[in-house]
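Asker: This structure is in structure tokens; I'll ask about it shortly.
Nothing in this text is a laboratory measurement; each read-out follows from the coordinates by a stated rule. The shown structure was predicted, so the numbers you read here are calculated from the model rather than taken from an experiment. Methodologically, a virtual Cβ is constructed for each residue, glycine included, from the backbone with ideal geometry; neighbour enumeration extends over all protein chains shown.
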Amino acid sequence: KQEVTQIPAALSVPEGENLVLNCSFTDSAIYNLQWFRQDPGKGLTSLLLIQSSQREQTSGRLNASLDKSSGRSTLYIAASQPGDSATYLCAVVKTDSWGKLQFGAGTQVVVTP
Amino acid sequence: DAEITQSPRHKITETGRQVTLACHQTWNHNNMFWYRQDLGHGLRLIHYSYGVQDTNKGEVSDGYSVSRSNTEDLPLTLESAASSQTSVYFCASSATLEKLFFGSGTQLSVL
């Protein structure tokens, strides 16, 4: 059974620092991995999607890496801003489970001005 | 603009009652999903559908049912609500099974 873990559960950084969020998964037979952002009382917004054949994806200040063999992904957010405060979740799709995401519990991020 | 909407946003019910949560999307996506989110567990898949008349059980389907009579809607029914079903419920849809679009959620309290 695929287990997805996100450490730490919560993180607080001053504005301007780079954020590093970690995600690990136990079964390397994945189709893709996604990072989502969730604001309080809101749904999830997809940030980055990495296919299993890719090593990283970038969008603006966000960069996500994927090391499938070691079961790890890292989301980097450069020069954090208070508006980056949210919960960040990673989710994987196994190769035999199209469309069925398995989520980590998330990392709650607070960026202080 | 196309969107996915869930209703109600908040619901309080009593144990043993039947409850239906609505999910409606206007993207014409074939694939729709229901997840529940609990503290410490992330989101867990309840049911999903790949098209009209197709429904499948997810990881935590006991006590829940869905039906898919058209492309736009996937209502989630709790047959006999239990306190363990107090949670936040999210509906999602997808055209490609890669990028999912999520609704804003329904907060359900079972007393």
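Rundown of residues vs (1) away from every other protein chain (no Cβ under 12 Å); (2) among the basic types (Lys, Arg); (3) surrounded by fewer than 18 Cβ atoms within 10 Å (Cβ to Cβ); (4) part of a strand (DSSP E or B), yes/no style:
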| site | (1), (2), (3), (4) |
| --- | --- |
| B:LYS11 | yes, yes, yes, yes |
| B:THR15 | yes, no, yes, no |
| B:ALA22 | yes, no, yes, yes |
| B:HIS47 | no, no, no, yes |
| B:THR55 | yes, no, yes, yes |
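Asker: For segment B:34-45, give me each residue that is surrounded by fewer than 20 Cβ atoms within 10 Å (Cβ to Cβ) and either part of a strand (DSSP E or B) or touching a helix residue (DSSP H, G or I) at 6+ places or on another chain (Cβ under 8 Å) (or both).
Answerer: Step one: filter segment B:34-45 for residues surrounded by fewer than 20 Cβ atoms within 10 Å (Cβ to Cβ), giving B:38-41, B:44.
Correct list: B:ASP38, B:ARG44.
Asker: Can you tell me which residue among A:LYS1, A:LYS42 is more than 16 Å from the chain's Cα centre (by Cα), in a loop (DSSP other than H, G, I, E, B) and surrounded by 12 or more Cβ atoms within 10 Å (Cβ to Cβ)? Show your work before the answer.
Answerer: Details: A:LYS1 fails: surrounded by 12 or more Cβ atoms within 10 Å (Cβ to Cβ).
None of the other options fit; the residue is A:LYS42.
Asker: Is it true that A:LEU21 is free of Cβ contacts under 8 Å to residues at least 24 places away in the same chain, within 10 Å of the chain's Cα centre (by Cα) and crowded, with 18+ Cβ neighbours inside 10 Å? Spell out how you get there, then give the answer.
Answerer: Working: free of Cβ contacts under 8 Å to residues at least 24 places away in the same chain: no; within 10 Å of the chain's Cα centre (by Cα): yes; crowded, with 18+ Cβ neighbours inside 10 Å: yes.
No: the conditions fail for A:LEU21.
Asker: Check whether at least one residue in segment A:90-100 is within 22 Å of B:TYR48 (Cβ to Cβ), more than 11 Å from chain B (Cβ to nearest Cβ), among the aliphatic types (A, V, I, L, M) and touching a residue at least 24 places away in the same chain (Cβ under 8 Å), and report yes or no. Walk me through how you get there before you give the answer.
Answerer: Residues of segment A:90-100 that are within 22 Å of B:TYR48 (Cβ to Cβ), as a first pass: A:90-100.
Then keep just the ones that are more than 11 Å from chain B (Cβ to nearest Cβ); that gives A:92, A:94-96.
Right, trim to among the aliphatic types (A, V, I, L, M) and you get A:92.
Subset that is touching a residue at least 24 places away in the same chain (Cβ under 8 Å): A:92.
For segment A:90-100, residues within 22 Å of B:TYR48 (Cβ to Cβ), more than 11 Å from chain B (Cβ to nearest Cβ), among the aliphatic types (A, V, I, L, M) and touching a residue at least 24 places away in the same chain (Cβ under 8 Å): present.
Asker: So A:LEU75 clears everything in (1) in contact with a helix residue (DSSP H, G or I) (Cβ under 9 Å, 6 or more places away or on another chain); (2) surrounded by 14 or more Cβ atoms within 10 Å (Cβ to Cβ) except one condition, right? Which one?
Answerer: (1)
Asker: Output the number of the condition that A:SER28 fails; it satisfies all remaining conditions of (1) away from chain B (no Cβ under 12 Å); (2) surrounded by 19 or more Cβ atoms within 10 Å (Cβ to Cβ).
Answerer: Result: A:SER28 passes all but (2).
Asker: So, in segment B:65-111, of the ones that are in contact with a helix residue (DSSP H, G or I) (Cβ under 8 Å, 6 or more places away or on another chain) and outside any loop (DSSP other than H, G, I, E, B), which residue ends up nearest to the other protein chains (Cβ to nearest Cβ)? Even if it seems obvious, please write down each step before you answer.
Answerer: If we filter segment B:65-111 for residues that are in contact with a helix residue (DSSP H, G or I) (Cβ under 8 Å, 6 or more places away or on another chain), which is where we start, we get B:78, B:108, B:110-111.
From what is left, the residues that are outside any loop (DSSP other than H, G, I, E, B) are B:78, B:108, B:110.
Values: B:LEU78: 20, B:LEU108: 14, B:VAL110: 20 Å.
Here the residue is B:LEU108.
Asker: Next question. Looking at B:GLN18, B:GLN25, B:GLN53, B:GLN37, which is the one that is closer than 18 Å to A:GLY99 by Cα and more than 14 Å from the chain's Cα centre (by Cα)? Reasoning before the result, please.
Answerer: Values: B:GLN18 fails: closer than 18 Å to A:GLY99 by Cα; B:GLN25 fails: more than 14 Å from the chain's Cα centre (by Cα); B:GLN37 fails: more than 14 Å from the chain's Cα centre (by Cα).
That would be B:GLN53, the only listed residue that is closer than 18 Å to A:GLY99 by Cα and more than 14 Å from the chain's Cα centre (by Cα).
Asker: Considering only segment B:24-35, state which residues are away from chain A (no Cβ under 11 Å) and in contact with a strand residue (DSSP E or B) (Cβ under 8 Å, 6 or more places away or on another chain). Let's see the steps before the verdict.
Answerer: Restricting attention to segment B:24-35, the residues satisfying the condition of being away from chain A (no Cβ under 11 Å) are B:24-28, B:34.
B:HIS24, B:GLN25, B:THR26, B:TRP27, B:TRP34 - these are the residues of segment B:24-35 that are away from chain A (no Cβ under 11 Å) and in contact with a strand residue (DSSP E or B) (Cβ under 8 Å, 6 or more places away or on another chain).
Asker: Counting just the residues of segment A:52-72 that are assigned to a strand (DSSP E or B) and surrounded by 14 or more Cβ atoms within 10 Å (Cβ to Cβ), which one comes out nearest to the chain's Cα centre (by Cα)? Walk me through how you get there before you give the answer.
Answerer: First, the residues of segment A:52-72 that are assigned to a strand (DSSP E or B): A:56-59, A:62-67, A:72.
Filter once more, so that each one left must be surrounded by 14 or more Cβ atoms within 10 Å (Cβ to Cβ): A:56-57, A:62-66, A:72.
Numbers: A:GLU56: 12, A:GLN57: 12, A:LEU62: 10, A:ASN63: 10, A:ALA64: 7, A:SER65: 9, A:LEU66: 10, A:ARG72: 10 Å.
Among residues in segment A:52-72 that are assigned to a strand (DSSP E or B) and surrounded by 14 or more Cβ atoms within 10 Å (Cβ to Cβ), the one nearest to the chain's Cα centre (by Cα) is A:ALA64.
Asker: Determine, yes or no, whether B:ASN31 is free of Cβ contacts under 8 Å to residues at least 60 places away in the same chain and either surrounded by fewer than 14 Cβ atoms within 10 Å (Cβ to Cβ) or farther than 29 Å from B:LEU111 by Cβ (or both).
Answerer: no
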